[in-house]
Amino acid sequence: MEALITILALLFVALVALGVYATVKVAKAAKRGVDRTIDHARRTVEDTTLRAKSFGQTGVAGDLAQMRLSLRTSMRATQEALHAGVAEDASLRESLDLFHRLSAHGRELDEDLKRLEREPDRSHVAAKLPELRQRTEQITHSADALRFAARDRARRFADDDLSSLSAQIDMEAGALRHWTRADGLDDGHGGHEGHEDHRAGGAAGPAGSGQSARPQAINAPDPRATAYPWEKTTRPETTT
């Protein structure tokens, strides 16, 4: 009895622990989903604000917004392309590591641009614009190079696979048509035999010269019968 109570107690504790673990996992997953949603909404708002500033403002403020928007757009597109490609191509892992190092410089530049947006001394900001523009172009050029290389690599693999698949399909199609030559030989031979049979039948038939018809075999095949539905039935010759 005591052993049964101990087993039941252990089962109860295990079920409680399993329930707590499942609850924690669900809570963490829900929190990650909420965090992703908030981050996505915040990025969307920031991108929309930067786009409005780049088109609606002129001077230093418009230049800063345009550089931030170009930087964020290029880095995000490259990140998505590499993360999507590394799942199918492990060789992109090194490119992804390089992108992570590049992202550190991109985040640093974005923080500098964001801080200068709040800088009241516009002349100081204008003096830094050439350097900031050069850094932006350098980082975006590197990010674009990684993204274009990853896409070209994926496209090349897809083209090679398509070419190989087309060659295999052509070989299979040729193998499926192996009956063409043999069928042509059978048709020629069978047609000749059918012609001889009809000539013999015409000479011995009741419409001939009065000779009695030869006895036919019990299981004689019907000359009009065909082996395959796509073969044409042999047309009998007319008798006079």
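Since every read-out is calculated from the coordinates, none of them should be taken as a lab result. Owing to the predicted nature of the structure, the values given are computational and were not obtained by experimental measurement. FYI the Cβ positions are ideal-geometry reconstructions off the backbone, even for glycines, and counts take in every protein chain you see.
From the residues Ser103, Leu176, Ala90, which one has its Cα farthest along the dipole of the stretch 88-182 in the positive direction, the dipole being from +1 and -1 charges on Cβ of Lys/Arg and Asp/Glu about the Cα centre?
Leu176
Between Thr73 and Ala154, what length in nm is gained on full extension when 0.36 nm per residue of separation is reduced by their alpha carbon distance?
Answer, rounded to one decimal: 27.0 nm.
So how far apart, in nm, are the two label points at Gln134 and Leu176 if each is 7 Å from Cα heading toward Cβ?
6.4 nm
Measuring from label point to label point, each 7 Å out along Cα→Cβ, what is the Thr23 to Ala87 span in nm?
Between Thr23 and Ala87, the label points sit 3.3 nm apart.
Please list, by residue number, everything in the stretch 53-85 whose backbone N is under 17 Å from a paramagnetic label point 7 Å out along Cα→Cβ of Ala126.
What the label zone holds, given the 17 Å backbone N cut-off, is 57-65.
7 Å from Cα along Cα→Cβ at both Arg107 and Ile169: what's the point-to-point distance in nm?
Label-label distance for Arg107 and Ile169, simple model: 4.7 nm.
What lysines sit close enough to Lys53 to cross-link, taking a C-alpha to C-alpha distance under 24 Å and skipping anything fewer than 8 places away on the same chain?
Lys114, Lys128
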